[in-house]
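Following: one structure in C-alpha cells, then a few remarks.
The values are calculated or read from the model by the stated rules, or taken from the named source; none is laboratory data. No experiment lies behind these values; they were computed from the predicted model shown. Here the Cβ positions follow ideal geometry from the backbone for every residue, glycine too, while neighbour counts run over all protein chains shown. Calculation scope for accessible area: heavy atoms of the full protein, side chains included, ligands and nucleic acids excluded. Shrake-Rupley method; radii C 1.70, N 1.55, O 1.52, S 1.80 Å.
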Amino acid sequence: MIPNYTNVHLKFKLDGLSYKYDDLMEIAYSYVKEGEPYQQELGNFLLDWLDRHDYVVVKTSGSTGKPKSIKIKKQAMVNSAIATGDFFNLQPGDKVLNCLPSNFIAGKMMIVRAIMLGLELDMTEPAALPLIDYEKDYTFCAFTPMQLKNFAKYLNSIKTVIVGGGMVSKVIIESIQDKKPMVYETYGMTETVSHIAVKKLNNFTESESIETSYFNTLPEIKVSQDERNCLVIDAPQLSDKKIVTNDVVKLHSETSFEWLGRYDNVVNSGGIKLFPEQIEKKLQNKIKGEFFIASKPDDTLGEKLILVLEAKEDSLDRSIFDVLDKYEKPKEVIAVPKFKETSSGKIHRKKTLKMINI
C-alpha cells in the first residue's frame, strides 16, 4: 500500500502555479539554490517531505526547555492536516496564506495542508507585518500574536485566522472584536504536530463571550489530566502514545479545557499557588515592551513574586498593579537591558533569570 503522504493533490498550487510530485522536487532544489532565505527554508522542507523517509526531523522552539530535534511521522502530519481541514471546512481550491517560517512545525504544517488538501498556497516572507496582496481574498491563514496585532486592520480579506506561538493579549483580542473573519487561538506544540485544539476569540453569539470560550479539541482527540493537573493528550492519529504536557489546565470535558499556565512556572508564595501567565495576561496592556512574571527565593514566603522588565531601568508606575488580586502583585520589579531569547524569538525565562543570578 502506497502511503498517502507521497501524494500531491491535483488542485495544489504554490504561489499561483500547479505542481506535480517531480515538479515540486525541481522547484524545491531551485529554492534551496537560488531563493531568498525564507524560500530556502521552504525548499529544504519540501525536499524532506518528498524524500523516501516516512518521517521528517523537526526542531522544537525551546520555549520550555533546551531546543531539540525530534522525528515526526509524515503520516501523523497528514492526519493533522486532514483534522484541521475537517474542523475549518477547507476545500480543494481554497486560497491560503503562509507567513510563518518553514523551519518550525506551524509553518511546515501550512505547506502540508496545502499539498494534501489541494489548497492554493501563497508564501510570503515571515515578518512582523507580512507583505501581501491586500486585494486578494484568502480562506485561511496562521499568524503569530505579533503578526495578528499588526495585521488586524487588514483582516477582512481573510475568512478564517488562527493565531499561536505565544500569548494573545487583551489588546489584540479587543482589536479583532469588530472584524468579520473568525479568529481562533490555537493550542499545540511540535510533539502534537501543530495544534490539537482551538479557542474562539471573536464573533461570539449572545450566549458566548471571551470569558466562557475554552479550547476545544480537533476531531478524534481527547484530553485528561495527570496528578499535577497537567494536560494529557490522547491523539492516536498523531502519536502512538499519550502526550503528557507541563501545562496546568482546568478540564471542562474530555474535549474542552482552559489553559492556566506552565507547571514549571507556577509560583508557591506563602502557600498560595500563582500562575505567572495569568498575571501577565492582566498586565499585558498596561506595560509597554517585554516583561514576564517569575519568582525568587524568600525567607518568609518561600518564593517571592517578581516582575522582570526588559528596560534599562525600572520606571513602572505601581498603580498598574491595581488590576491584580492581592497575592498577584509583584513584590519587586527587576529591569534587564536585554532578555535572552529562544531560537524562535520567544523569551527564554530560565536563561534570563540565570543571567541576573536568580
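Quick look at the values:
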read-out	value
Heavy atoms of LYS11: accessible area, 1.4 Å probe, square angstrom to 10	110 Å²
Over segment 201-358: Kirkwood hydrodynamic radius from C-alpha pairwise inverse distances, Å	17.8 Å
Candidates VAL333, VAL308, VAL161: whichever shows maximal mean-square fluctuation once the chain is modelled as a Gaussian network with Cα springs under 10 Å	VAL333
Order of exposure, largest accessible area first, which applies to THR245, THR139 with probe 1.4 Å	THR139, THR245
Nearest 10 degrees, 0 to 90: helix 105-117 Cα axis against the chain principal axis	30 degrees
Exposure of PHE257 as accessible area (Å², to 10), given a probe of 1.4 Å and all protein chains	0 Å²
Segment 272-287 and segment 307-358: distance between their alpha carbon centers, rounded to Å	11 Å
Cα-projected label distance for GLU313 with SER69, points at 7 Å along beta-carbon direction, nm	4.7 nm
Rounded to 5, the percent of DSSP beta bridges in the chain classed as antiparallel	65 percent
Relative contact order (percent, whole number), segment 91-167, Cα cutoff 8 Å, 6+ residue spacing	31 percent
Rounded tilt (10° steps) of 74-88 against the dominant C-alpha axis of the chain	80 degrees
The chain - charge dipole about Cα centre, Lys and Arg +1 at Cβ, Asp and Glu -1, debye rounded to 20	720 debye
Segment 57-147 shape via C-alpha gyration tensor axes, a/c threshold 1.5	oblate
Rounded FRET efficiency, nearest 0.05, which uses the C-beta distance separating MET355 from ASP299 and R0 of 22 Å	0.40
Solvent exposure of the chain as accessible area per residue, Å², 1.4 Å probe	51 Å²
Heavy atoms of MET355: accessible area, 1.4 Å probe, square angstrom to 10	80 Å²
Helix-derived mean residue ellipticity, 222 nm - over the chain, DSSP H n ≥ 4, -39500 (n - 2.57), to 500	-7000 deg cm²/dmol
Whole-Å distance, taken between Cα centres, linking segment 143-219 and segment 7-45	29 Å
Candidate residues GLU277, GLU254: accessible-area rank, largest first, probe 1.4 Å	GLU254, GLU277
Ranking by accessible area, most exposed first, for LYS13, LYS33, LYS199, LYS242 with a 1.4 Å probe	LYS33, LYS242, LYS13, LYS199
Dipole of the chain [Lys/Arg +1, Asp/Glu -1 at C-beta], most positive-end residue of TYR31, VAL323, ASN216	VAL323
For segment 1-122: relative contact order, % (alpha-carbon pairs under 8 angstrom, 6 or more apart)	34 percent
Length released on extending from HIS9 to TYR154, taking residue separation times 0.36 nm less the Cα-Cα span	49.2 nm
With every protein chain in place, segment 101-249: carbon and sulfur % of accessible area (1.4 Å)	49 percent
Neighbourhood net charge (13 Å Cβ-Cβ; Lys/Arg +1, Asp/Glu -1) for GLN147	+1
Two-decimal Rg to Rh for segment 269-318 - Kirkwood Rh, Cα set	1.00
Cα-based equivalent ellipsoid of the chain: semi-axis lengths in Å, sorted from largest, via gyration tensor	36, 22, 21
Nearest-ten-degree value, helix 21-34 long axis tilted from longest Cα axis of the chain	60 degrees
